[in-house]
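Heads up, the thing below is written out as structure tokens.
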Amino acid sequence: MAPKKAPAEKKLLLGRPSNNLKIGIVGLPNVGKSSFFNALSNTDLGKAANFPYATINPEEARIPVPDARFEWLCDIYKPVSRVPAFLTCIDIAGLTAGASTGAGLGNAFLSHVRAVDGIFQVVRAFDDAEVIHVEGDVDPLRDMTIIQTELRLKDIEWVEKALDGLKKTGRSLGSTSLADKARKEEIATVEKILKVLTVDEKDIRKAEWNNKEIDVVNGLQLLTAKPVTYLVNLSEKDYIRKKNKWLPKIKAWIDANNPGDPLIPFSVALEERLSSMSPEEKEEEQKTVGAQGALGKITQAGYTSLDLIRYFTCGPDEVRAWTIRKGTKAPQAAGVIHSDFENKFVCGEIMAYEDLREHGSEAAVKAAGKLRQQGKPYEMVDGDIAYWKAGA
């Protein structure tokens, strides 16, 4: 009999193993970060002002993530309470060239970036004599290069420091004990990380890592390991006509430097106008100008970039979306609601959103044999509808 194939090792994710992940808004001063944050969160927490460093302490907001499935479930169950999924968003001070060596608010800025899990990088592609540019003129490619360089330089500094510490304690390592062997492997991984940043001149998230290496990368909390979504801030006119001289060049820069990273054009000027309107006025204005606001798309892109998915709990009292990371097993997904559900987990009754949509009611899903009892090994799927059973 042929030997059983070992199951393929499940690839670990870069970043903190948490469901409570945050995304930071990063960019040079005066590119529209705080105005974008204000429109996104419908507040004016972000102190939009026409001078560098108007934001020093990062401001935080929880932004609901748009989801047609959630809206449909609310229509079906007509619950007393509706709780959508949220993305935690943080407005961070503007970065300038030299931040990695402490220029401007460099060190504080970089510690704020280190504390988030993903990055919305706002890139300015609009001309406005009223809004000064810290580098003198508008050049998104130069701005993107400055940010990439500063984040990479700070990572190099941290990795060199970590490597130095490891080598100091590694001098006396033998080759026999498992602990010594593991320490040697860790040193080799940190050397590889340094090579990626310095010789290959790549961001950490763009290199190939195995699971053991990912553990080491995650332990270092590197800036260039965080997923980036590029948000290109256009004038309202350019956004509506879908034309801007910089867009093809920005796309080419991303393809050359960080292939695969998402690029979303938007207009802070338009979003600011829309955010002050009622839903009806907003709808009317979008029809009039012939363009949709991009905030929903941006929020969803940020959520996806962090490898987040959601499952739902539904009933007449509440329809709620619960945020978990891709690959989360049933007991840990239940634990997001309450730790007792994880500790005393018995099973989950799970149906797919698509099955409920197709059959129209829970009773019909059950009659069709599509309501499944799942145990501890079950890996949650985006859009699952769950009822948890826990022991006393």
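The residue pairs whose first member lies in segment 221-245 and is more than 28 Å from E201 (Cβ to Cβ), whose second member is of a type in the set (V, I, T) and not in a loop (DSSP other than H, G, I, E, B), and whose beta carbons are closer than 6 Å, counting only pairs six or more residues apart or on different chains, are I240/V289. Report yes if some residue within segment 346-355 is farther than 26 Å from D67 by Cα, β-branched (V, I, T) and surrounded by fewer than 16 Cβ atoms within 10 Å (Cβ to Cβ); otherwise report no. Looking for residues that are farther than 26 Å from D67 by Cα, β-branched (V, I, T) and surrounded by fewer than 16 Cβ atoms within 10 Å (Cβ to Cβ), one finds at least one in segment 346-355, hence yes.
If I filter segment 236-244 for residues that are more than 30 Å from P17 (Cα to Cα), of a type in the set (F, W, Y), out of contact with any strand residue (DSSP E or B) (no Cβ under 6 Å at 6 or more places or on another chain) and modelled with pLDDT of 95 or more, do I get at least one hit?
We begin by selecting, within segment 236-244, every residue more than 30 Å from P17 (Cα to Cα); these are 236-244.
With the extra rule that they be of a type in the set (F, W, Y), the set shrinks to 239.
With the extra rule that they be out of contact with any strand residue (DSSP E or B) (no Cβ under 6 Å at 6 or more places or on another chain), the set shrinks to 239.
Within this subset, residues satisfying the condition of being modelled with pLDDT of 95 or more are 239.
For segment 236-244, residues more than 30 Å from P17 (Cα to Cα), of a type in the set (F, W, Y), out of contact with any strand residue (DSSP E or B) (no Cβ under 6 Å at 6 or more places or on another chain) and modelled with pLDDT of 95 or more: present.
For segment 248-274, a residue qualifies if it is open to solvent by 30 Å² or more (accessible area, probe 1.4 Å), more than 22 Å from the chain's Cα centre (by Cα) and touching a residue at least 12 places away in the same chain (Cβ under 8 Å), and the qualifying residues are K249, A269, E272, R273.
For segment 161-179, check the following and say yes or no: at least one residue is assigned to a loop (DSSP other than H, G, I, E, B) and among the hydrophobic types (A, V, I, L, M, F, W, C).
Narrowing segment 161-179 to residues assigned to a loop (DSSP other than H, G, I, E, B): 171-177.
After this cut, where a residue has to be among the hydrophobic types (A, V, I, L, M, F, W, C) as well, the list is 173.
Checking segment 161-179: at least one residue is assigned to a loop (DSSP other than H, G, I, E, B) and among the hydrophobic types (A, V, I, L, M, F, W, C).
Taking the listed residues L295, L371, the one that is within 30 Å of C89 (Cα to Cα), in contact with an Asp or Glu (Cβ under 7 Å, 6 or more places away or on another chain) and surrounded by 15 or more Cβ atoms within 10 Å (Cβ to Cβ) is L295, with no other qualifying.
A count restricted to segment 221-233 and to residues that are open to solvent by 30 Å² or more (accessible area, probe 1.4 Å) and modelled with pLDDT under 95 stands at 1. Scanning segment 264-308 for residues that are of a type in the set (V, I, T), in a helix (DSSP H, G or I) and closer than 23 Å to D127 by Cα yields V268, V289, I298.
The values are calculated or read from the model by the stated rules, or taken from the named source; none is laboratory data. Quick caveat: nothing in here was measured; it's all calculated off a predicted structure. FYI the Cβ positions are ideal-geometry reconstructions off the backbone, even for glycines, and counts take in every protein chain you see. Keep in mind that these areas ignore ligands, DNA and RNA; they rest on the heavy atoms of the full protein, side chains included. Shrake-Rupley method; radii C 1.70, N 1.55, O 1.52, S 1.80 Å.
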